[in-house]
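Report on the following structure.
The values are calculated or read from the model by the stated rules, or taken from the named source; none is laboratory data. Model, not experiment: these values are computed from the prediction. Every residue, glycine among them, receives a Cβ derived from its backbone with ideal geometry; neighbour counts consider all protein chains shown. Side chains are part of the model used for accessible areas, which takes the heavy atoms of the whole protein and leaves out ligands, DNA and RNA. Shrake-Rupley method; radii C 1.70, N 1.55, O 1.52, S 1.80 Å.
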Amino acid sequence: CIKANAKSCGECIQAGPNCGWCKKTDFLQEGEPTSARCDDLAALKSKGCPMEDIENPRGSKQVLEDREVTNRQIGAAEKLKPEAITQIQPQKLVLKLRVGEPQTFSLKFKRAEDYPIDLYYLMDLSYSMKDDLENVKSLGTALMSEMEKITSDFRIGFGSFVEKTVMPYISTTPAKLRNPCTGDQNCTSPFSYKNVLSLTSEGNKFNELVGKQHISGNLDSPEGGFDAIMQVAVCGEQIGWRNVTRLLVFSTDAGFHFAGDGKLGGIVLPNDGKCHLENNMYTMSHYYDYPSIAHLVQKLSENNIQTIFAVTEEFQAVYKELKNLIPKSAVGTLSSNSSNVIQLIIDAYNSLSSEVILENSKLPKGVTISYKSFCKNGVNDTQEDGRKCSNISIGDEVKFEINVTANECPKKGQNETIKIKPLGFTEEVEINLQFICECQCQSEGVPNSPACHEGNGTFECGACRCNEGRIGRLCECSTDEVNSEDMDAYCRRENSTEICSNNGECICGQCVCKKRENTNEVYSGKYCECDNFNCDRSNGLICGGNGICKCRVCECFPNFTGSACDCSLDTLPCMASNGQICNGRGTCECGTCNCTDPKFQGPTCEMCQTCLGVCAEHKDCVQCRAFDKGEKKETCLQECAHFNMTLVESRDKLPQPGQPDPLSHCKEKDVDDCWFYFTYSVNSNGEANVHVVETPECPSGPDIIPIVAGVVAGIVLIGLALLLIWKLLMIIHDRREFAKFEKEKMNAKWDTVS
């Protein structure tokens with residue numbers, strides 16, 4: 001927001017959705033530019049601008065027309081006119097857009113049951129389609145019968161095409177113009193496009209008129225079907241299109257000519273996309289080139305026509321590629337004699353009606369739109385796939401979430417209108433876009449206000465908007481005076497040559513301070529001599545994080561002091577375990593103990609390496625006063641009268657931790673090697689109190705009999721063990737000797753024999 005350098009409230013709110021403008025009159029510090037009024041909301045609050053003085057208009061949406069989608073079934077008693085059926089909701093709304101702030105609304109679509117259908121059958125009548133024509137002659141009543149299962153309001157029309165009536169597409173010899181076919185074949189004269197039957201609900205009439213049609217002929221293989229499609233799309237009145245589902249069945253067994261091919265016949269004028277039917281015949285085929293694919297897509301979309309290409313197997317690949325370029329179109333395989341055309345149309349219609357694709361009209365400059373779809377079975381999509389839902393049955397309801405965002409304001413700030421509609425349907429959502437480019441307070445501005453230096457500007461939103469040729473925060477200067485050296489003198493501090501302390505510009509004799517890259521760092525002051533980022537630091541933080549930097553001096557928060565606010569006045573960290581600050585042996589400075597007694601150290605002056613503990617220090621006095629023995633027995637009255645003593649029956653009766661006075665629990669040995677227990681504490685008045693267990697714990701003497709018995713038993717057991725070991729060793733020795741004797745005896749026998 002700061003970087004936008006906004007000079008007015010309107011410029012500020014266009015800088016971003018989180019930018020606000022403070023209209024409080026005395027908000028700016030000395031030296032701050034008018035653009036400092038523009039900042040994010042949190043920064044404005046922290047600088048002292050009340051919420052009621054912050055201009056921050058928000059976008060909104062308002063639904064103007066919101067008819068519920070129609071719920072009815074085929075065969076229902078009520079017969080609604082097509083215009084009374086609603087498939088998309090809402091129908092009209094207003095979006096107020098602020099730059100960068102998206103507005104979201106939900107769109108509901110439901111394919112109505114028993115929705116009227118207009119179907120126009122456009123057929124190639126070149127010679128190769130001769131056998132197909134015979135099957136199409138009875139198409140009217142047969143298709144009517146099948147379509148009654150889908151809708152009770154069905155109309156059908158018929159048109160035919162061949163080719164442009166110029167060379168080299170047809171032969172222009174008089175005989176060939178009368179009958180382009182060879183031999184004894186009776187063919188009709190070639191033509192570009194003929195509207196044979198406008199849309200009608202009379203199937204018999206379709207059969208009658210189509211039955212009178214004859215095949216024609218041409219020279220080249222590609223046909224002029226694109227001319228015919230263009231005329232069917234744009235000649236709505238002649239064809240008889242209603243605002244219902246519009247289907248165009250294009251039947252052929254050949255390829256197509258497109259834009260540029262007309263040059264072969266000397267036709268160079270691009271197709272104008274207008275209706276040129278006279279007596280139901282296209283009369284300008286020799287004058288205008290074939291339309292381009294993009295031109296066809298535009299006109300078919302504008303007129304909500306869904307195309308079904310019924311083509312033979314040979315040209316399936318070509319027309320499938322064409323289908324990918326034409327939204328809401330389908331391709332079916334036509335048998336060689338068109339006998340399967342009814343099933344092809346039913347299948348293609350079901351395929352087209354199972355998918356809804358949203359499209360929007362051209363967006364104004366700087367406006368973007370995004371879609372998110374919520375389709376059947378929990379399927380959600382975004383980006384381009386967010387525009388469509390597939391596998392929809394008639395009667396299913398799907399939803400879309402649509403975001404509209406303005407990235408800039410229109411130059412004139414005028415309202416714009418965009419439309420969103422499902423491809424192939426006439427219904428649409430009309431959205432009026434209103435852009436928030438100015439603040440409310442600007443309408444309350446005072447032109448030629450005295451507050452703006454004798455009426456040289458308009459006072460609005462707490463600041464002056466200068467008239468042309470005037471500048472300065474209060475419009476006090478003309479542009480001719482800006483570079484005057486006399487003005488610079490007002491921008492120098494006393495005894496200084498620096499203009500605005502080298503931290504700003506001199507405009508109209510006043511310093512306007514520079515802006516820093518970090519928007520939280522600000523120069524201020526009459527000469528831009530102050531800032532809020534050059535104060536002393538502690539732990540890497542300005543003012544230690546415990547104060548505010550004002551004009552290079554730290555203003556510390558309560559309980560902090562020092563040049564960097566790094567000195568805490570809180571004494572809690574200095575509190576010793578006995579409740580005394582620094583154990584009574586030091587002073588608390590900036591939250592840290594400074595020990596004055598050299599023997600003591602540590603964070604609270606409680607550590608003393610050469611000192612006896614509290615228990616050891618008072619052991620002899622407690623022993624002499626409680627039990628009349630010990631080293632100080634003789635001098636007890638003189639040396640041990642400094643504490644109050646209380647005798648208790650047992651250790652449970654001694655004072656326990658948690659009392660107000662600091663407490664030490666002690667366990668010491670007396671001269672008889674007995675343990676005695678006591679506590680030592682000092683109350684708030686400095687009086688020492690000692691509680692002593694009245695009976696020491698003395699160890700009992702040894703039991704002689706068990707000791708003697710144990711010794712005797714040990715001696716006996718050791719003797720038996722030694723005896724057993726000796727006996728075992730003797731047995732082992734005897735066995736070895738006997739074995740040795742036996743061996744020598746055997747040796748003696750061998751000597752005798754020899």
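Of the conditions (1) within 41 Å of the chain's Cα centre (by Cα); (2) modelled with pLDDT of 85 or more, Glu529 fails just one. Which one is it?
Checking Glu529 against (1) within 41 Å of the chain's Cα centre (by Cα); (2) modelled with pLDDT of 85 or more, the one that fails is (1).
Mind counting the residues in region 212-255 that are modelled with pLDDT of 85 or more, of a type in the set (Asp, Glu) and crowded, with 22+ Cβ neighbours inside 10 Å?
Going through region 212-255 one residue at a time, the tally reaches 1.
Residue by residue, here is whether (1) open to solvent by 40 Å² or more (accessible area, probe 1.4 Å); (2) under 19 Å from Val69 (Cβ atoms) holds:
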{"site": "Lys372", "(1), (2)": "yes, no"}
{"site": "Cys375", "(1), (2)": "no, yes"}
{"site": "Val379", "(1), (2)": "yes, no"}
{"site": "Thr382", "(1), (2)": "yes, no"}
{"site": "Ile394", "(1), (2)": "yes, yes"}
{"site": "Thr405", "(1), (2)": "no, no"}
{"site": "Gln414", "(1), (2)": "yes, no"}
{"site": "Ile418", "(1), (2)": "no, no"}
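Tell me, which strands (runs of 3 or more DSSP E) wholly within region 10-117 include 2 or more residues that are on the phi < 0 side of the Ramachandran plot and of a type in the set (D, E, K, R)?
Numbers: elements: 19-22, 38-40, 60-65, 92-98, 103-110.
Passing ranges, in order: 38-40, 60-65, 92-98, 103-110.
Between Glu146, Glu113, which is open to solvent by 10 Å² or more (accessible area, probe 1.4 Å) and either within 21 Å of Gly211 (Cα to Cα) or among the hydroxyl-bearing types (Ser, Thr, Tyr) (or both)? Spell out the reasoning first.
Numbers: Glu113 fails: either within 21 Å of Gly211 (Cα to Cα) or among the hydroxyl-bearing types (Ser, Thr, Tyr) (or both).
Going through Glu146, Glu113 in turn, the sole match is Glu146.
Picking from Ile548, Ile507, Ile499, which residue would you name as being over 45 Å from the mean Cα position of the chain (by Cα), among the β-branched types (Val, Ile, Thr) and surrounded by fewer than 21 Cβ atoms within 10 Å (Cβ to Cβ)?
Ile499
What pairs can you find where one residue is in region 127-140 and assigned by the TED database to the domain that holds Ile170 and β-branched (Val, Ile, Thr), the other is assigned to a helix (DSSP H, G or I) and surrounded by 15 or more Cβ atoms within 10 Å (Cβ to Cβ), and their Cβ atoms are less than 8 Å apart, with a gap of 6+ or different chains?
Cβ pairs passing all conditions: Val136/Val210; Val136/Val341.
Quick one: which of Glu555, Glu517 is farther than 18 Å from Glu30 by Cα, under 41 Å from the mean Cα position of the chain (by Cα) and part of a strand (DSSP E or B)?
Glu555
So Ser335 fits all but one of (1) in contact (Cβ under 8 Å) with a residue 24 or more places away in the chain; (2) open to solvent by 10 Å² or more (accessible area, probe 1.4 Å); what number is the exception?
So Ser335 meets the others, but not (1).
Would you pick out the residues in region 265-297 that are in a loop (DSSP other than H, G, I, E, B) and either of a type in the set (Asp, Glu) or not assigned by the TED database to the domain that holds Leu325 (or both)? Spell out the reasoning first.
Our first condition is that a residue be in a loop (DSSP other than H, G, I, E, B); within region 265-297, this holds for 266-268, 270-276, 279-280, 283-287, 289-292.
Within region 265-297, Asp272, Asp289 qualify.
When only residues in region 437-483 that are of a type in the set (A, V, I, L, M) and out of contact with any Ser or Thr (no Cβ under 9 Å at 6 or more places or on another chain) count, which is nearest to Val367 (Cα to Cα)?
Leu474
Among the listed residues Gly260, Gly266, identify the single one that is open to solvent by less than 50 Å² (accessible area, probe 1.4 Å) and either more than 38 Å from the chain's Cα centre (by Cα) or touching a residue at least 60 places away in the same chain (Cβ under 8 Å) (or both). Quick ask: steps written out before the conclusion?
Numbers: Gly266 fails: open to solvent by less than 50 Å² (accessible area, probe 1.4 Å).
Only one candidate qualifies: Gly260.
Here are some residues: Ile392, Ile308. Which one is among the β-branched types (Val, Ile, Thr) and in the same structural domain as Gly240 (by the TED database)?
Ile308
Right, Arg98: under 30 Å from Glu401 (Cα atoms), outside the structural domain of Thr182 (by the TED database) and open to solvent by less than 70 Å² (accessible area, probe 1.4 Å) or not?
Numbers: under 30 Å from Glu401 (Cα atoms): yes; outside the structural domain of Thr182 (by the TED database): yes; open to solvent by less than 70 Å² (accessible area, probe 1.4 Å): yes.
It is true that Arg98 is under 30 Å from Glu401 (Cα atoms), outside the structural domain of Thr182 (by the TED database) and open to solvent by less than 70 Å² (accessible area, probe 1.4 Å).
Suppose we filter region 49-69 for residues that are without any contact (Cβ under 8 Å) to a residue 12 or more places away in the chain and open to solvent by less than 20 Å² (accessible area, probe 1.4 Å); how many remain?
So the answer is 0.
Can you give me the number of residues within region 127-143 that are in contact with an Asp or Glu (Cβ under 9 Å, 6 or more places away or on another chain) and crowded, with 19+ Cβ neighbours inside 10 Å?
Going through region 127-143 one residue at a time, the tally reaches 3.
Of these, Cys452, Cys409, which one is open to solvent by less than 40 Å² (accessible area, probe 1.4 Å), part of a loop (DSSP other than H, G, I, E, B) and without any contact (Cβ under 8 Å) to a residue 24 or more places away in the chain?
Cys452
I'd like to verify a number: residues in region 656-682 that are modelled with pLDDT of 80 or more and either surrounded by 12 or more Cβ atoms within 10 Å (Cβ to Cβ) or not polar (S, T, N, Q) (or both), how many? Quick ask: steps written out before the conclusion?
Applying the first criterion (modelled with pLDDT of 80 or more) to region 656-682 yields 656, 665-681.
Narrowing the set further to residues that are either surrounded by 12 or more Cβ atoms within 10 Å (Cβ to Cβ) or not polar (S, T, N, Q) (or both) leaves 665-681.
Qualifying residue count, region 656-682: 17.
So Leu209 passes all but one of these: (1) under 22 Å from Glu302 (Cα atoms); (2) in a helix (DSSP H, G or I). Which condition number does it fail?
Condition not satisfied by Leu209: (1).
Wholly within region 335-390, which strands (runs of 3 or more DSSP E) include no fewer than the required count, namely at least 3 residues that are under 19 Å from Ile418 (Cβ atoms) and within 26 Å of the chain's Cα centre (by Cα)?
Numbers: elements: 356-360, 367-374, 380-382.
Strands (runs of 3 or more DSSP E) meeting the threshold: 356-360, 367-374.
Would you check which residues across region 5-48 are surrounded by fewer than 20 Cβ atoms within 10 Å (Cβ to Cβ) and in contact with an Asp or Glu (Cβ under 7 Å, 6 or more places away or on another chain) and list them?
Those that are surrounded by fewer than 20 Cβ atoms within 10 Å (Cβ to Cβ) and in contact with an Asp or Glu (Cβ under 7 Å, 6 or more places away or on another chain): Pro17, Asn18, Lys24.
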